[in-house]
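Participant: Pasting a structure below so you can have a look.
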Amino acid sequence: MAARPTRLILTTLGTVLGIAALVATVGLGQTASGQITQRFDLAAATRVVVQPEEKGGQEGEAATQLPWDAPDRIQRLNGVDAAGTVSTLDVGDDLVRSVAALDGQKDGHALKVMAGSAGLFDAVRAVLRTGRFFDAGHDRRADKVVVLGKHAASRLGVNRVDSQPAVFIGDEPYTVIGILDSVSGRAELNDAVIMPNGTAKTAYDLESPDAVEIRTQVGAAQLIAGQAPIAIQPNDPSTLNVDAPPKQGAVRKGVESDLNALFLLLGAVALLVGGLGIANVTLLSVLERISEIGLRRALGAARRHVAIQFLVESVIVGFLGGLLGTAVGVLLTVGVSWVRDWTPILDNRLAFGSPLLGAFIGLVAGTYPAWKASAIQPITALRGT
Amino acid sequence: MSERSETWMSETAVALPAPVVEMIGVRRFFPGPPEVQAIREVDLTIGQGEYLSIVGPSGSGKSTLLHLLGLLDNPTGGVYRLDGVDTMSLRERRRAVLRGERIGFVFQSFHLLDHRTVLENVALSMVYVGVPRRERMARARVALQRVGLAHRMDFAPTTLSGGERQRVAIARALVAEPSLLLADEPTGNLDSANAEAILEVFDELHHEGMTLAVITHDDHVSSRAQRQVRIVDGTLQW
Ligand SMILES: Nc1ncnc2c1ncn2[C@@H]1O[C@H](COP(=O)(O)OP(=O)(O)O)[C@@H](O)[C@H]1O
Ligand SMILES: [Mg+2]
């Protein structure tokens with residue numbers, strides 16, 4: 001067999017494909033459900049948003065006002081990691097520009113201007129690219145400072161804060177103290193110029209926050225969703241609207257195991273085909289080598305020697321196929337993950353066990369041909385010569 | 001081999017040595033239908049160091065007899081002792097061991113493994129009798145020197161002439177030092193010059209004391225043996 005590389009490669013092809021399919025499907029299955037889990041857990045599963053019910057379903061008209069101390073009230077609840085208010089300011093026709101407008105020249109940008117409490121950044125998992133967030137002190141003093149969302153920053157051409165650059169909203173200058181790199185949940189912050197609530201109250205007469213962003217501990221979102229309206233508005237909790245993640249746990253688990261079962265079934269079918277391939281080619285090899293079998297028997301080989309010879313060959317073929325298939329499967333998993341920007345997840349046991357699985361399939365597949373070979377009578381094998 | 005020939009010399013001087021082969025009333029019927037009585041009531045004794053030919057027309061039962069002599073097949077009835085061992089009562093496993101140790105085969109079509117070198121082909125006959133690998137290779141080299149193929153050891157059998165291939169097969173049959181060399185139409189696939197070379201090797205082996213049984217349909221090949229037996233319809237005739 002070792003002297004017939006072409007045959008060897010053709011024989012292993014089935015197993016290579018089978019194992020590759022198994023490793024890739026399981027690998028991609030794990031990777032995919034890993035991504036689902038990751039996204040789900042990090043972003044959605046811990047996010048709760050509270051905002052006033054809209055009055056009679058009319059756009060813009062709130063039934064009630066959120067109190068300014070809503071974040072503090074929420075923070076007292078067990079299971080809350082961070083909370084902060086968020087509001088969109090009505091700035092009329094004011095444009096935002098990064099240098100003082102030359103006389104009469106209007107080259108500013110119509111950017112969203114928002115306001116928040118100091119806790120907002122933590123609540124939306126904001127990550128800074130540079131600089132710092134504003135804090136409670138800025139808020140209290142109504143300092144004229146802003147933090148830029150990443151898209152807003154690039155439109156304004158601001159990418160550093162060490163020189164304390166100013167942006168103008170209308171004709172008023174504000175100092176940029178930080179630039180965001182990412183936020184989760186409330187994506188509009190990326191496009192916004194964000195100032196402290198205190199500043200917004202002074203400059204734009206902000207009366208109350210639009211919403212409260214809450215980041216809970218893992219698994220606490222449902223509980224907090226139930227408690228938050230009462231904590232904020234003990235007298236009239238029903239006027240508040242709560243966005244919370246649906247109870248996903250059980251559903252997600254079901255979806256995952258369905259996926260994995262399907263993937264495994266595919267792999268198993270591929271392996272069955274691979275095993276049949278080995279059995280088939282080994283059987284062919286037995287038929288081709290009948291006279292060799294006869295010769296070996298004449299040289300003193302017992303039936304078991306002949307059986308073992310073919311078994312060893314099919315096990316080696318299976319093992320090589322398993323090794324190659326594992327490599328292909330891992331490459332596929334990594335390749336697809338790379339293309340789709342996923343983090344490849346592969347169980348070590350799968351990577352190390354698959355070649356052994358290949359060997360085992362070789363063993364099972366070789367059993368019948370080996371038995372067949374050992375049952376051939378020497379005189380039959382040597383006849384016709 | 002030299003040891004063997006000394007034994008042969010000294011023992012012939014005193015008495016006839018114990019026979020290598022002793023067949024009494026051996027039959028081999030192939031169950032039909034129709035039943036074929038390939039070998040019927042064969043009595044055959046081959047003494048140590050004897051060079052015997054069994055000659056007969058095609059279909060007379062020569063190959064069947066050779067298979068029985070070589071323990072490749074079981075008689076339907078009768079008694080067969082090889083080197084004094086009653087083979088009829090042996091299990092297949094034991095027969096395989098006996099076959100590997102006591103019998104050397106030479107076939108009409110050589111039966112060499114194409115994907116192994118000449119040296120590996122010769123060494124193969126010591127695998128199942130448990131000779132260590134290093135010793136197998138050393139002995140295979142000696143055996144190939146004996147048949148004049150030292151310069152072909154690392155060749156593939158397919159690059160050799162028919163006569164050379166048959167000499168490789170003879171080296172393979174000899175290297176495990178069998179009690180009996182069985183050859184089935186050893187010159188059947190060879191031209192007369194190559195056939196002659198093989199027959200000369202047999203002559204030499206005979207002089208060195210090897211026990212040979214050559215099966216052939218060719219009277220010329222048969223005439224080279226020390227003793228000829230004719231087989232017709234599965235029965236031996238003298
Ligand atoms: N396995 C078998 N089954 C049935 N008949 C067989 C078998 N082997 C040989 N024979 C028959 O036995 C007879 C002797 O065959 P064989 O020993 O091969 O003859 P030879 O070698 O002298 O040409 C032939 O008639 C042949 O057809
Ligand atoms: Mg014949």
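The values are calculated or read from the model by the stated rules, or taken from the named source; none is laboratory data. Keep in mind that this is a model prediction, so the values were computed, not measured. A quick note on method: Cβ atoms are made from the backbone with ideal geometry, for glycine too, and the neighbour counts reach across all protein chains shown. Just so you know, the surface numbers come from the protein's heavy atoms only, side chains and all, with ligands and any DNA or RNA stripped out. Shrake-Rupley method; radii C 1.70, N 1.55, O 1.52, S 1.80 Å.
Participant: Please report, in debye to the nearest 20, how large the charge dipole of segment B:17-237 is about its Cα centre when each Lys and Arg carries +1 at its beta carbon and each Asp and Glu carries -1 there.
Facilitator: It works out to roughly 800 debye.
Participant: Hey, another quick one. Taking the Cα centre of the protein assembly as shown as origin, work out the dipole magnitude from +1 charges on Lys and Arg Cβ and -1 charges on Asp and Glu Cβ, in debye rounded to 20.
Facilitator: 2020
Participant: Now, a different point. Estimate the FRET efficiency between B:His115 and A:Ala351 by the formula 1/(1 + (r/R0)^6), using the beta-carbon distance for r and 35 Å for R0, to the nearest 0.05.
Facilitator: Taking R0 as 35 Å, the efficiency between B:His115 and A:Ala351 is 0.55.
Participant: Related question: Taking the Cβ-Cβ separation of B:Gln237 and B:Met88 as r and a Förster radius of 30 Å, what is the calculated FRET efficiency to the nearest 0.05?
Facilitator: That gives a FRET efficiency of 0.75.
Participant: Give me the residues in segment A:292-331 whose solvent-accessible area, probe 1.4 Å, is reduced by at least 40 Å² once all protein chains are included instead of the chain isolated.
Facilitator: Residues of segment A:292-331 that lose at least 40 Å² of accessible area once the other chains are added: A:Leu295, A:Arg296, A:Arg297, A:Ala298, A:Leu299, A:Gly300, A:Arg304.
Participant: Let me ask something else about it. Whole percent per 10 Å bin, from 0 to the bin with the longest distance: what is P(r) over all C-alpha pairs of segment A:261-302?
Facilitator: For segment A:261-302, the pair-distance distribution reads 27, 28, 21, 16, 9, 1.
Participant: May I pose another question? Return the residues of segment B:126-146 for which accessible area with all protein chains present is lower than in the chain on its own by 10 Å² or more; set the probe to 1.4 Å and exclude ligands, DNA and RNA.
Facilitator: Buried on complex formation: B:Tyr128.
Participant: Pulled fully out, how much extra length does the chain show between A:Asp107 and A:Leu331, if you take 0.36 nm times their separation in residues and subtract their Cα-Cα distance?
Facilitator: 75.5 nm
Participant: In addition: Amide H to amide H, which residues 5 or more places from A:Ala211 or on other chains are under 5 Å from it, using H placed in the peptide plane?
Facilitator: For A:Ala211, the qualifying residues are A:Val86.
Participant: Run lengths n ≥ 4 of DSSP H only: what is the helix-derived mean residue ellipticity at 222 nm for chain A, with -39500 (n - 2.57) per run over all residues, to the nearest 500?
Facilitator: Helices in chain A give a 222 nm mean residue ellipticity of -17000 deg cm²/dmol.
Participant: If the cut-off is a Cα-Cα distance under 13 Å, which aspartates and glutamates reach A:Lys112, setting aside same-chain residues fewer than 8 apart in sequence?
Facilitator: Result set, ordered by chain and number: A:Asp90, A:Asp93, A:Asp94, A:Glu188, A:Asp191.
Participant: May I pose another question? With θ set to phi - 60°, apply the Karplus curve 6.51 cos²θ - 1.76 cosθ + 1.60 along segment B:121-129 and write out the HN-Hα couplings as whole Hz, x wherever there is a Gly or Pro.
Facilitator: Those phi angles translate into 4, 5, 5, 4, 6, 9, 5, 8, 9 Hz.
Participant: First compute the accessible area of the protein assembly as shown with a 1.4 Å probe, then give the percent of it belonging to carbon and sulfur atoms.
Facilitator: 55
Participant: Starting from a Cα-only point model with no solvent, please compute log10 I(q)/I(0) by Debye for segment B:160-238 at q = 0.11, 0.12, 0.18 1/Å.
Facilitator: Evaluating at q = 0.11, 0.12, 0.18 Å⁻¹ gives log10 I(q)/I(0) of -0.29, -0.34, -0.76.
Participant: Hey, rough spin-label estimate for B:Asp218 and A:Ala44, points 7 angstrom out along Cα→Cβ, what's it come to in nanometres?
Facilitator: 8.7
Participant: So with the 1.4 Å probe, I'd like the accessible area per residue for the protein assembly as shown, rounded to whole Å².
Facilitator: 47
Participant: Hey, another quick one. By what distance, in whole Å, do the Cα atoms of chain A stretch along each of the three principal axes, largest value first?
Facilitator: Each principal axis gives a Cα extent; for chain A these are 107, 52, 33 Å.
Participant: Report ³J(HN,Hα) in whole Hz for each residue of segment A:19-30, in order, from the Karplus equation J = 6.51 cos²θ - 1.76 cosθ + 1.60 where θ = phi - 60°; Gly and Pro get x.
Facilitator: 5, 4, 4, 4, 4, 5, 5, 5, x, 5, x, 4
Participant: Using the C-alpha gyration tensor of segment B:95-185, what are the square roots of 5 times its eigenvalues, in whole angstrom, with the largest one first?
Facilitator: 19, 15, 11
Participant: Just to check I understand the Karplus step: with θ = phi - 60° and J = 6.51 cos²θ - 1.76 cosθ + 1.60, what whole-Hz values come out for segment A:235-241, glycine and proline as x?
Facilitator: Values per residue, Gly and Pro as x: 7, 9, x, 6, 7, 9, 9 Hz.
Participant: Normalising by the residue count of chain A, find the relative contact order in percent from Cα pairs under 8 Å and 6+ residues apart.
Facilitator: 28
Participant: Pairwise over distinct Cα atoms, reciprocal of the mean inverse distance: report the Kirkwood radius of segment A:42-245 in Å, one decimal place.
Facilitator: Result for segment A:42-245 stands at 17.4 Å.
Participant: With n ≥ 4 as the cut-off for DSSP H runs, can you work out [θ] at 222 nm for chain B, using -39500 (n - 2.57) per run divided by the number of residues, rounded to the nearest 500?
Facilitator: One gets -11000 deg cm²/dmol as the mean residue ellipticity at 222 nm.
Participant: Please tell me the relative contact order of segment B:17-237 in percent, rounded to the nearest whole number, where contacts are Cα pairs under 8 Å and at least six residues apart.
Facilitator: 31
Participant: I would also like to ask the following. Quick one: which residues, 5+ away or cross-chain, put their amide H under 5 Å from the amide H of A:Lys112? H built at 1.01 Å from N.
Facilitator: A:Val193
Participant: Something else about it: Give me the one-decimal nm value for the distance between modelled label points at A:Thr88 and A:Gln164, 7 Å along each residue's Cα-to-Cβ direction.
Facilitator: Label-label distance for A:Thr88 and A:Gln164, simple model: 3.3 nm.
Participant: Next question, about the same structure. Please identify the GluC sites (Glu not before Pro) of segment A:183-227 that satisfy two criteria: DSSP loop assignment and at most 14 other Cβ atoms within 10 Å. Which are they?
Facilitator: Here the sparse-neighbourhood loop sites are A:Glu207.
Participant: Continuing with the same structure: Let me check against my output: what whole-number percent is the relative contact order of segment A:42-245, with C-alpha pairs under 8 Å and at least 6 apart?
Facilitator: Worked out over segment A:42-245, it gives 36 percent.
Participant: Report the accessible surface area buried between chains A and B, summing both sides, using a 1.4 Å probe on protein heavy atoms only, in Å² rounded to the nearest 100.
Facilitator: 2000
Participant: Moving on to the next point. If amide H atoms are built 1.01 Å from N in the plane of the peptide, which residues on other chains or at least 5 residues away come under 5 Å of the amide H of B:Leu236?
Facilitator: B:Asp43
Participant: Let me ask something additional. Can you compute the radius of gyration and Dmax for segment B:17-237, using only the Cα atoms, both in Å?
Facilitator: Just the Cα atoms of segment B:17-237 yield Rg and Dmax of 17.1, 52 Å.
Participant: 7 Å from Cα along Cα→Cβ at both B:Arg230 and A:Arg140: what's the point-to-point distance in nm?
Facilitator: Result for the modelled spin labels: 13.2 nm.
Participant: Please compute P(r) over all alpha-carbon pairs of segment A:278-326, binned at 10 Å starting from zero, and give each bin as a whole-number percent.
Facilitator: P(r) for segment A:278-326, in whole percents per bin: 24, 48, 21, 6, 0.
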